[in-house]
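Step one of this worksheet: look at the structure below.
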Amino acid sequence: MAILKPFKGLRPPVDIVEKVASRPYDVLNTEEARKEASGNPQSLLHITKAEIDLAVGTDEHSKEVYDKVVENFKMFQDKGWLLQDPEEKYYVYAQTMDGRTQYGIMGCAHIDDYFNNNIKKHELTRKDKEEDRMIHVRITNANVEPVFFSYPANAEIDKIVSEIIKNKPVYDFVTDDNFGHHFWIIDDKTVINRVTEIFKNDIPYLYVADGHHRTAAAALVGQEKRNNNPNHTGKEEYNYFMAVVFPDNQLKIIDYNRVVKNLNGLSQEEFMLKLEENFILEKKGTTIYKPEKLHEFSLYIDHNWYKLTAKQGTFNDADPIEVLDVTILSNLVLDKLLGIKDLRTSKDIDFVGGIRGLGELKRRVDSGEMAAAFALYPVSMQQLINIADTGNIMPPKTTWFEPKLRSGLAIHVLE
């Protein structure tokens, strides 16, 4: 069963929370972060992407940057921009997007659940990205940003949350992207204990929705601290890391699309003819066309949109990996036709989150930067769970969860 526990959140005062809260470190590059934090010294980006406070061109993985992280984290606390709750609490963090609200509980997961697979993963991680976040956890001695987990929906937890949100939220604001962020504190010890009991007794697994690298880094640093402590008891705070856990029936995955730089030496006519071996092609013209169901794709090339429908026999709906549209596209188009063998390392492909809209695909092709774009129908939560439960791994860049968690609403200090 899954372990969840309350923690003493290191949080911003109400009057500056909107200034502190920021997008996660991995959804914007250095220049975007520099622009977003411009004129706002209280943005958490000064801690999560501290290179923005150094000269343009500074290596984001340099010692100079990590030293700046430590300096800024201390400064935020010294100035009272981050204050620690005196007692352990759970928090309810809700997000509203397009009229739909999802309610998560912010607490701490256990590193043992990561290693024994009670926290189920669906993506591979890269060692370089793990190490970057591990350094960040080590030098701050904190989980500065939460990971995004899901759990099988539970009626009693739903009822507890529904009672909590009848109260006025501690934080309540709308960000520039028109997403609402709402935050309540659970400080009733009876309720806190009951939440912990439900997860311990009734929730079999947690599922990583977003933040595989942060999850791995947090667990590995906790393990390091355990191994380096001759007086380890198992009760230390480093045995836990911060997560926001949402019921699976409230989450929505949106599309994660692909753009390719060239056609691997094929002319456009040759490429289209080869596509017809495995897909039914239908020209849709210049109006943006979005896939409407599983095994249906959009192709944008030479100022026109096409509907691609995978032919019977090109997929296996009984297999959790072979049923995925990302698998079909990877095998039959990216690999077979375009010679893109490894999505994690190839320089001939890029990935575009659906939050940017299909207009972004059109823009990148029309600009001449890319030769073609493919839009996919979103993966479902049930597909993700099936893959995680069977121990399989999704192809890279398969899921895009939105809205993203805002960082800075609470931080978990490890000691």
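The values are calculated or read from the model by the stated rules, or taken from the named source; none is laboratory data. Bear in mind the structure is a predicted one, so any value in this text is a computation, not a measurement. Note: ideal-geometry Cβ built from the backbone for every residue, glycine included; neighbour counts use all protein chains shown.
Quick notes
- The set of residues from segment 303-324 being at pLDDT 95 or above and of a type in the set (D, E, K, R) comprises LYS307, LYS311.
- Those residues of segment 353-387 which are buried (at least 16 other Cβ atoms within 10 Å of the Cβ), modelled with pLDDT under 95 and either in a helix (DSSP H, G or I) or among the hydrophobic types (A, V, I, L, M, F, W, C) (or both), in sequence order: GLY354, ILE355, VAL379, MET381, GLN383, LEU384, ILE385, ASN386, ILE387
- The residues in segment 248-273 that are part of a loop (DSSP other than H, G, I, E, B) and either hydrophobic (A, V, I, L, M, F, W, C) or in contact with a Leu (Cβ under 6 Å, 6 or more places away or on another chain) (or both) can be counted, and the count is 5.
- In the condition set (1) over 30 Å from LEU414 (Cβ atoms); (2) buried (at least 20 other Cβ atoms within 10 Å of the Cβ), GLY222 is compliant with all but (1).
- When residues of segment 388-415 are limited to those that are aliphatic (A, V, I, L, M) and part of a loop (DSSP other than H, G, I, E, B), the one surrounded by the fewest Cβ atoms within 10 Å (Cβ to Cβ): ILE393
- Of everything in segment 144-182 that is small (Gly, Ala, Ser) and closer than 27 Å to ALA218 by Cα, the residue that is surrounded by the fewest Cβ atoms within 10 Å (Cβ to Cβ) is ALA153.
- Scanning segment 272-316 for residues that are hydroxyl-bearing (Ser, Thr, Tyr), farther than 19 Å from LEU334 by Cβ and more than 27 Å from the chain's Cα centre (by Cα) turns up THR286, THR287.
- Filter result for GLU36 (assigned to a helix (DSSP H, G or I), at negative phi, in contact (Cβ under 8 Å) with a residue 12 or more places away in the chain and assigned by TED's automatic domain parsing to the domain that holds TYR114): yes
- The residues listed here are GLU71, GLU60, GLU51, GLU64; of these, the one that is within 24 Å of the chain's Cα centre (by Cα) and either at pLDDT below 95 or surrounded by fewer than 20 Cβ atoms within 10 Å (Cβ to Cβ) (or both) is GLU60.
- Residue in segment 274-289 that is in the same structural domain as ALA371 (by TED's automatic domain parsing), in contact with a strand residue (DSSP E or B) (Cβ under 6 Å, 6 or more places away or on another chain), assigned to a loop (DSSP other than H, G, I, E, B) and farther than 20 Å from ASN386 by Cβ present: yes
- Of all residue pairs spaced 6 or more apart or on separate chains, those with beta-carbon atoms under 7 Å, a first member in segment 248-276 that is buried (at least 19 other Cβ atoms within 10 Å of the Cβ) and a second member that is modelled with pLDDT under 95 and of a type in the set (S, T, N, Q) are ILE253/SER380; ILE253/THR399; TYR256/THR398; TYR256/THR399.
- Residue check, ASP335 under 20 Å from THR125 (Cα atoms) and of a type in the set (Asp, Glu): no
- Every residue from segment 210-247 that is touching a residue at least 12 places away in the same chain (Cβ under 8 Å) and basic (Lys, Arg): ARG214, LYS225, ARG226
- Test result for TYR151, more than 20 Å from LYS225 (Cβ to Cβ) and either among the basic types (Lys, Arg) or in contact (Cβ under 8 Å) with a residue 24 or more places away in the chain (or both): yes
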